[in-house]
1. Hand me the trypsin sites (Lys or Arg not before Pro) from region 50-154 located in a DSSP loop with no more than 13 other Cβ atoms within 10 Å, in residue order please.
2. Which net charge results for the neighbourhood of Asn106, defined as the other residues with beta-carbon distances under 12 angstrom from its beta-carbon, given Lys and Arg at +1 and Asp and Glu at -1?
3. How far, in nm, would the chain grow between Phe79 and Lys50 when pulled straight, counting 0.36 nm per residue and subtracting the alpha carbon separation?
4. Per residue of region 126-139, what does 6.51 cos²θ - 1.76 cosθ + 1.60 with θ = phi - 60° give for ³J(HN,Hα)? Whole Hz please, x for Gly and Pro, Karplus curve as stated.
5. Once you list every other residue whose beta carbon is under 11 Å from the beta carbon of Pro115, what net charge do they have if Lys and Arg are +1 and Asp and Glu are -1?
6. Using the Karplus curve 6.51 cos²θ - 1.76 cosθ + 1.60 with θ = phi - 60°, what ³J(HN,Hα) values do you get for each residue of region 71-78, in whole Hz, with x for Gly and Pro?
7. Of the chymotrypsin sites (Phe, Trp or Tyr not before Pro) in region 75-154, which ones lie in a loop per DSSP and count no more than 12 other C-beta atoms within 10 Å?
8. What are the ³J(HN,Hα) couplings of region 86-93, residue after residue, when phi is run through the Karplus curve with 6.51, -1.76, 1.60 and θ = phi - 60°? Round to Hz, x for glycine and proline.
Amino acid sequence: MSETLGICEGRVIPHPKRPEGHKNPCKNWKPITQVHDEITITIDGSGDLKFLETTMAEPFKILGPTETKRASFVEPYDFWSRVAFTVLRKLVSDDSRIADWTRRWNCFWRVNTKPVGGPILRNQYGNIAAWWIREDAIAAEIEFLNKFFGGISE
């Protein structure tokens, strides 16, 4: 039987087992769940790491201080929906009920990687790509960014 790994106080440890009636020695233990089966890490000349922040990256975050920057936006394809989305998301926190609601809009979605100097993703015909299912746009975003950060061009 394999153990579930997690992060506790900056260390990667297995799930803390405890006898019946004993307190958990690690109150902030968070499991590392595998959402994506690979991670691309770029190391620059000064030794700094660059990677997408996913659950697979959790073990690397304990190596030292981290700085998180937005790499891209998955946003509505339609102009006016995108304007409303952008305004709402600037007014509320990322974990608010309104932000959650905006993620569930029934619309086409596009991927904008301009925050890292990338393009708005396009389809094979050169048009801006659109996904009806937001999770499909996120999967395309992750695939593109892993290639982009790894220096792989299509």
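Values in this text are rule-based calculations from the coordinates and carry no lab data. Computed from a predicted model, the values in this text were never measured in an experiment. Cβ coordinates were reconstructed from backbone atoms using ideal geometry, including for glycine residues, and neighbour counts include every protein chain displayed.
1. Lys69, Arg70, Arg104
2. For residues surrounding Asn106, the net value is +2.
3. The Phe79-Lys50 span can extend by a further 7.3 nm.
4. x, 8, 4, 6, 9, 10, 7, 9, 4, 4, 5, 5, 5, 4
5. +3
6. 9, 6, 10, 9, 9, x, 6, 5
7. Counting only loop positions with at most 12 other Cβ atoms within 10 Å, the chymotrypsin sites (Phe, Trp or Tyr not before Pro) in region 75-154 are Tyr125, Trp132.
8. 5, 4, 4, 5, 6, 8, 10, 6
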